[in-house]
1. Restricting the count to DSSP beta bridges whose residues both fall in chain B, what percent are antiparallel, rounded to a multiple of 5?
2. Just the number: Rg to Rh for the protein assembly as shown, Cα atoms, Kirkwood Rh, two decimals.
3. Can you give me the solvent accessible area of residue B:47 with a 1.4 Å probe, rounded to the nearest 10 Å²?
4. Residue A:30 accessible area, nearest 10 Å², 1.4 Å probe?
5. Which entries of A:11/A:78; A:11/B:42; A:15/A:78; B:2/B:67; A:17/B:97; A:17/B:42 show an alpha-carbon separation above 20 angstrom in the structure shown?
6. Let me know the mean shielding of B:39-47 by other chains, meaning the per-residue number of their Cβ atoms within 10 Å of its Cβ.
7. Karplus couplings for segment A:41-57 from phi (6.51 cos²θ - 1.76 cosθ + 1.60, θ = phi - 60°), rounded to Hz, Gly and Pro as x?
8. Return, ordered by residue number, the residues of segment B:25-51 whose backbone nitrogen is under 16 Å from a label point located 7 Å along Cα→Cβ of residue B:7.
Amino acid sequence: GAGVSQTPSNKVTEKGKYVELRCDPISGHTALYWYRQSLGQGPEFLIYFQGTGAADDSGLPNDRFFAVRPEGSVSTLKIQRTERGDSAVYLCASSLMAPDTQYFGPGTRLTVL
Amino acid sequence: QKEVEQNSGPLSVPEGAIASLNCTYSDRGSQSFFWYRQYSGKSPELIMSIYSNGDKEDGRFTAQLNKASQYVSLLIRDSQPSDSATYLCAVPRQGGKLIFGQGTELSVKP
């Protein structure tokens, strides 16, 4: 079956702009995780959803970052007033339910100029 | 101190040799440990999980866990050029969120 998909694969934006990153989890997976990976580093946890609700958003760096999952499937990570330091690969992962094995999507590479 | 630490490498081994990748963690209460492989420009892929002290073998891969020393390792026997990748150690926290080390880059030379 289809794996986790993420769109866009690449996003280039200017400092101060708003961006939305989309994640489509594996069908039937109730848990969805967002991570951010900077060059040469391991992925860093941002937020996870169990169903529609954000069960843990402790990794969001500040209030410019927000994520939703209104119907318990697709999730959107939203970044306001982007900064150059937001440049990274944003990874999404899903699992059947927390804390089962997570399957990662291909990521969205965000570049803030 | 970081929760999960790994040497960034790069670790270079000749083809056919054993590659040894190491990871330490700070939380003594950690119960499970994962090794992910990440090829350049790709997403992480789970290759091994280990929950009990001792060794766990899967093909050419062996994970070793020593909870007393808070140390987990991954051995790759008969290393192949296709094993060249970054290997990430991860420890799950409540809800399953993964805490990753910075990863060790492995290069297997033909």
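1. 90
2. Details: Rg = 17.6 Å, Rh = 18.0 Å.
Taking Rh as the inverse mean 1/r over Cα pairs, Rg/Rh reads 0.98.
3. About 30 Å², rounded to the nearest 10.
4. 50
5. A:17/B:97; A:17/B:42
6. Working: counts 0, 0, 4, 3, 15, 10, 2, 4, 0.
Average per residue, whole number: 4.
7. Listing the rounded values in order: 10, x, x, 10, 4, 10, 7, 9, 10, 10, x, 8, x, 6, 7, 7, 10 Hz.
8. B:25
The values are calculated or read from the model by the stated rules, or taken from the named source; none is laboratory data. What you are looking at is a predicted structure, and each value in this text was computed from that prediction instead of being measured. Glycine also receives a Cβ, built like all others from the backbone with ideal geometry; neighbour counts cover every protein chain displayed. Remember, those area values only see protein heavy atoms, side chains included, never the ligands or the DNA or RNA. Shrake-Rupley method; radii C 1.70, N 1.55, O 1.52, S 1.80 Å.
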